[in-house]
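Structure first, then comments.
Values in this text are rule-based calculations from the coordinates and carry no lab data. None of these values were measured; they are calculated from a predicted model. Ideal geometry is used to build each Cβ from the backbone, glycine not excepted, and the neighbour counts take in all protein chains shown.
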Amino acid sequence: MAIEYRTGASALTTEAFIGLARLIWDREYDPARTAAALAATINVGAWSGDRLVGAVRVLSDGYFFSTVPEVMVDPAFRKQGVGQELMRLALDAAPGGVLFLGAQPGNEPFFERAGFRRGPTGYVGRRP
């Protein structure tokens, strides 16, 4: 079945996003908080029929800075170009056409294949 890429209000539903996220990260998701997070980002969804098989969210201040909090592809749909197309569409949707992001160790080749180049090293701060 062909993949349909959606942006705007039809890009994602909260339920579909949580279902996909659970395939990637096994944890509990609060639907109301998930819906609020989705409302605060530019979203692109990859759909196979009525099944969400990939998603990327762009978080932006609208001018200076845009980043990707996550890009997810259903494991059954990986290695088919879905992630690369999501990243291309995320770049198109990002104000100014520039995205800054961090890659989990081991995922760097995916972003390089999608046309991204390594930049400054990132850091994570957490409250004790």
- Cα centroid separation, region 7-83 to region 85-122 (Å): 15 Å
- Query: Mind checking which of PHE111, PHE100, PHE64 has the largest fluctuation in a GNM of the chain, springs on alpha carbons under 10 Å?
  - Reply: PHE64
- Note on the structure: quick shape note, region 4-113: Cα extents on principal axes in Å, largest first -> 32, 30, 27
- Task: Please order ASP92, ASP50 by the number of other Cβ within 10 Å, starting at the fewest.
- Result: ASP50, ASP92
- If Lys and Arg each add +1 and Asp and Glu each add -1, what is the summed charge of the other residues whose beta carbon sits under 15 Å from the beta carbon of PRO105? -1
- Item | Relative exposure of TRP25, TRP47, judged by other C-beta atoms within 10 Å (fewest first) | TRP25, TRP47
- Which whole-Hz ³J(HN,Hα) couplings does region 31-42 yield from phi under the Karplus relation 6.51 cos²θ - 1.76 cosθ + 1.60, θ = phi - 60°, glycine and proline marked x? x, 5, 5, 5, 4, 5, 5, 5, 5, 8, 10, 8
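So what's the back-of-envelope 222 nm ellipticity for the chain, counting only DSSP H runs of four-plus at -39500 (n - 2.57) apiece and dividing by all residues, rounded to 500? Before the final figure, lay out the partial values.
On the way: 4 runs with 38 residues, N = 128.
Helix contribution divided over all residues of the chain: -8500 deg cm²/dmol.
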